[in-house]
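The values are calculated or read from the model by the stated rules, or taken from the named source; none is laboratory data. Everything numeric in this text was worked out from a predicted model, so none of it was measured. Cβ atoms come from the backbone with ideal geometry, glycine included; neighbour counts cover every protein chain shown.
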Amino acid sequence: MGTAYFAHPTAVIDEGCHIGKGTKIWHFSHLMTGCVLGENCNIGQNVVISPEVVLGNHVKVQNNVSVYTGVTCDDDVFLGPSCVFTNVINPRSGINRRGAYARTHVGKGATIGANATVVCGRDIGTYAFIGAGAVVTRDVPPYALLVGNPARQTGWMSEYGHRLKFDQNGMAVCPESGQEYKMEENKVKRTK
């Protein structure tokens, strides 16, 4: 009886991992005991998924990504090449802070760009878009676009990954999907 997922022969999968049907794990990646991966995820090469990490369905983790204990990602999250999550706010080599890991949550459909760093203890909102190389040091609202170091919000993004341009009535339309969005009190929500 075969597995319901694919793992390249060089991948290391510790006992006690839960891996959903249709998930693919590529070259030299390491899944550690107690991690949970949903269905149809794609784990690129040289990725580390630490214990207790939870990834939803259809999560794409590009090459060279480190996802440390304390991180959860909802469905449809995209983690760009070489992005990294931290899990201790004040690490020191000689001080064991295991068990004091801060929690980080990445909401449904969010994108974390290549080489971005997410400092632990943050909530990344649904469909937020973190630009390449950004350093996230605070919570990110749903649909927000953040860039830079430290990351600053520069706009809003649609669920299809297009920058939203709001009119005087606080309405915007995604140019690809036609989905409509409304901004009220500096919060964005999809209306249709």
**Request:** Tally the residues that are under 17 Å from R152 (Cα atoms) and surrounded by fewer than 22 Cβ atoms within 10 Å (Cβ to Cβ), restricting the search to region 102-119.
**Result:** 5
**Message:** Can you tell me how many residues within region 51-82 are over 20 Å from F6 (Cβ atoms), polar (S, T, N, Q) and out of contact with any Leu (no Cβ under 9 Å at 6 or more places or on another chain)?
**Reply:** 3
**Request:** Among residues belonging to region 158-192 that are exposed (fewer than 12 other Cβ atoms within 10 Å of the Cβ) and not charged (D, E, K, R), point out the one that is nearest to P141 (Cα to Cα).
**Result:** N186
**Message:** Looking at the structure I just gave you, is A132 in a loop (DSSP other than H, G, I, E, B), hydrophobic (A, V, I, L, M, F, W, C) and either crowded, with 23+ Cβ neighbours inside 10 Å or out of contact with any Lys or Arg (no Cβ under 9 Å at 6 or more places or on another chain) (or both)?
**Reply:** yes
**Message:** Regarding region 18-27, can at least one residue be identified that is assigned to a loop (DSSP other than H, G, I, E, B), of a type in the set (D, E, K, R) and more than 16 Å from the chain's Cα centre (by Cα)?
**Reply:** yes
**Item:** Only one of R190, R103, R163 that is at pLDDT 95 or above and either polar (S, T, N, Q) or closer than 21 Å to C83 by Cα (or both)
**Value:** R103
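Collect the residues in region 86-125 that are in a strand (DSSP E or B) and farther than 24 Å from Y160 by Cα, keeping them in residue-number order. Write out each step before concluding.
Filtering region 86-125 for residues in a strand (DSSP E or B) gives 92, 95, 104-106, 111-112, 117-118, 123-124.
Residues satisfying the conditions are R92, I95.
Could you tell me whether region 77-89 includes any residue that is more than 26 Å from E39 (Cα to Cα), at pLDDT below 95 and not assigned by TED's automatic domain parsing to the domain that holds V188?
Step one: list which residues in region 77-89 are more than 26 Å from E39 (Cα to Cα), which gives 88-89.
So of that shortlist, the ones also at pLDDT below 95 come out as 88-89.
In the following step, the residues that additionally are not assigned by TED's automatic domain parsing to the domain that holds V188 were identified as 88-89.
Checking region 77-89: at least one residue is more than 26 Å from E39 (Cα to Cα), at pLDDT below 95 and not assigned by TED's automatic domain parsing to the domain that holds V188.
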**Complete:** Across (1) in contact with a His (Cβ under 6 Å, 6 or more places away or on another chain); (2) surrounded by 17 or more Cβ atoms within 10 Å (Cβ to Cβ); (3) not basic (K, R), D123 clears everything bar (2)
**Request:** Go through the residues of region 165-188 one by one and say whether even a single one is aromatic (F, W, Y), over 20 Å from S50 (Cα atoms) and without any contact (Cβ under 8 Å) to a residue 40 or more places away in the chain.
**Result:** yes
